[in-house]
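Here the structure comes first, spelled out in structure tokens, and everything after it is commentary.
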Amino acid sequence: MKNWVLIVLTAATVLLVLVGVASLGAFFLLREQPFDVPEWQDPLTLVEPDRIDPALAVAGLGGVSDGDLSAKALDQARSDTAYAILVFSPSIEDRESAGDFLLLASRLRSDNRPDLAITSYRLAGTIATLSPDLPDTVRADTFVLAGEGLAELEEFGLAQLFFDQAFNIAMASPYLQAATRRGVFERLHQGYQMIGDRERARVSLKQSAEAFPMATVAESPPLLPVAEPPHVSLEVQQAEAARWEAAQALSDALVVRGGYAPPELVAALREALMAEDQAKVPYYDAQLAATPQLSVQISVVQARINWLSMKHRVARRGYGIGLVPEWEVQAEEIRAELTKSYELLFALYADLIVAMPNAEQIDLATEEILRRENLAGTLGRYPNYPAEQRIAQLLQATAHLVESRPGDKMRVVVLPYGGVDSFVLVDDAGFLAATRGD
């Protein structure tokens, strides 16, 4: 008899916990959202070529990595140069990109440029929401920092969006240590006060005083392999080296001559870029046709995307100077080629996922790649991506994981914040409430 009593009490306790989590999810979704959220803008349309420092930007064509160059641009207070690097580059890791957007937003606030600062905070938060690569501790910190910056700029709708996501992580993620969880709630108590959300501030303060259990499990790394740089021919290597040399010469001259670009050095870089394009594109096409191995094909297509992204940036004068007039005329054609390459990349990943050995891996990898695709499209790096279709597929894949792996991690859903549909991280209860229309 005592055993039955214990079983009933245990079941009742579990039920109460589930009801509590569901109630928090419903509160998160259904409470009043009094603030407006600005409509989303393609980040690439906000690049202003005339504000970019060409001496620094062109160094990126001279072999300096985008990540290193972004850090240098931020150190030198070249905000527009850093912004152009971050929005055009597909090669900077998401964690680094989110952090740089936060630093950039802070710099832009100091420069009294609130509009671009708001966009940069929003981009950092969007990466934290959609990227499969960030641990929940980094997501929560990114959301809080973005929310605090946006609150200080009186962009209360976006601040609420990111505070809410940090709150949900602190409430539901199984991966946060007790001290981290408590610290997030303490910061959220102050953050919600900044935007006048007294109820959530009160709840955050209450939660910060709770005794949280130690996290005993580690987050699983992303399932899909990172695309390694493919082997390239000697001709391609020589063409790339010639471009580096021409870009370094032009960048040095721009520094020495106070921004003046000698025509002969611009012409030399133009010739090097066009020669590299003529060597690389046919080589990548030949490699794709010659190898049946999916991982190699993915590496080749990723390399082609990196090249086309650079070419697209040149065509949009994203280096602060006109370098290849022919590409500027062909900007839309280059953009279309970039779209096709992204389509092929994600189609190849889909083929790779189908070949995985079990259904659980397929479900996990499907959700992961759909998050990556939606992130690339939202950031503007994947032009004209089929947003409506991919969002629906992401929600479907996530629903499978909620059923098969409950409580495993935070889930992405789309919610109308301030009247604008936004990607939001929620727990399982919040996902079910949003997708079932509860």
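Things to note:
- Axis angle, to the nearest 10 degrees, between helix 359-378 and the longest C-alpha principal axis of the chain: 60 degrees.
- Rounded to the nearest 10 degrees, the angle from helix 178-194 to the longest Cα principal axis of the chain is 80 degrees.
- Residue order, fewest to most beta carbons within 10 Å, for MET171, MET356: MET356, MET171
- Counting neighbouring Cβ atoms within 10 Å and putting the fewest first, the residues TRP327, TRP307 line up as TRP307, TRP327.
- Of LYS72/LYS311; LYS311/LYS340; LYS280/LYS340, those spanning more than 20 Å from alpha-carbon to alpha-carbon: LYS72/LYS311
- Solution diffusion estimate, µm²/s, Stokes-Einstein, the range 272-403, Kirkwood Rh from C-alpha pairs, 37 °C, viscosity 0.692 mPa s: 203 µm²/s
- Given charges at beta-carbon only (K, R positive; D, E negative), |dipole| of the chain in Debye: 980 debye
- Cα→Cβ-extended label distance, 7 Å offset, between SER106 and LEU294, nm: 4.2 nm
- Projected label points at ALA336 and GLN76, each 7 Å from Cα along the beta carbon direction, are separated by 3.7 nanometres.
- Charge-dipole axis of the chain as Lys and Arg at +1 and Asp and Glu at -1 on Cβ define it, positive-most pick from LEU161, ALA365, GLY322: LEU161
- Mean separation of Cα contacts under 8 Å, 6 or more apart, over the residue count of the chain: relative contact order %: 21 percent
- Neighbour counting of Cβ atoms within 10 Å sorts the residues PHE431, PHE346, PHE101, fewest neighbours leading, into PHE346, PHE431, PHE101.
- Overall Cα dimensions of the chain - principal axes, largest extent first, Å: 90, 53, 35
- Secondary-structure-derived ellipticity at 222 nm for the chain, considering helices only, amounts to -22500 deg cm²/dmol, per-run term -39500 (n - 2.57) for DSSP H runs with n ≥ 4.
- FRET efficiency for ALA355 and ARG51, using Cβ-Cβ distance with R0 set to 60 Å, rounded to 0.05: 0.80
- Extension gain, THR216 to ALA286, is 20.3 nm, computed as 0.36 nm per intervening residue step minus the present C-alpha separation.
- Cα-based helix-to-principal-axis angle, 387-404 vs the chain, degrees rounded to 10: 40 degrees
- Remark: the range 56-132 carries a charge dipole of roughly 220 debye about the Cα centre, counting +1 on each Lys and Arg Cβ and -1 on each Asp and Glu Cβ.
- Highest average packing first - 187-200, 365-378, Cβ atoms within 10 Å: 365-378, 187-200
- Toward the positive end of the charge dipole of the chain, with +1 on the Cβ of Lys and Arg and -1 on the Cβ of Asp and Glu, the farthest Cα among ALA140, GLN248, GLN389 is that of ALA140.
- An ellipsoid equivalent to the range 43-208, defined through the eigenvalues of its Cα gyration tensor, has semi-axes of 31, 17, 11 Å when rounded to whole angstrom and sorted largest first.
- Gained length - GLU403 relative to GLU96, 0.36 nm times residue gap less alpha-carbon distance: 107.3 nm
Laboratory data are not the source of any read-out in this text; all were calculated from the coordinates shown. Note that the structure is predicted; figures quoted are calculated from it, not measured. Note that we place each Cβ from the backbone using ideal geometry, even for glycine, and neighbour counts take in every protein chain shown.
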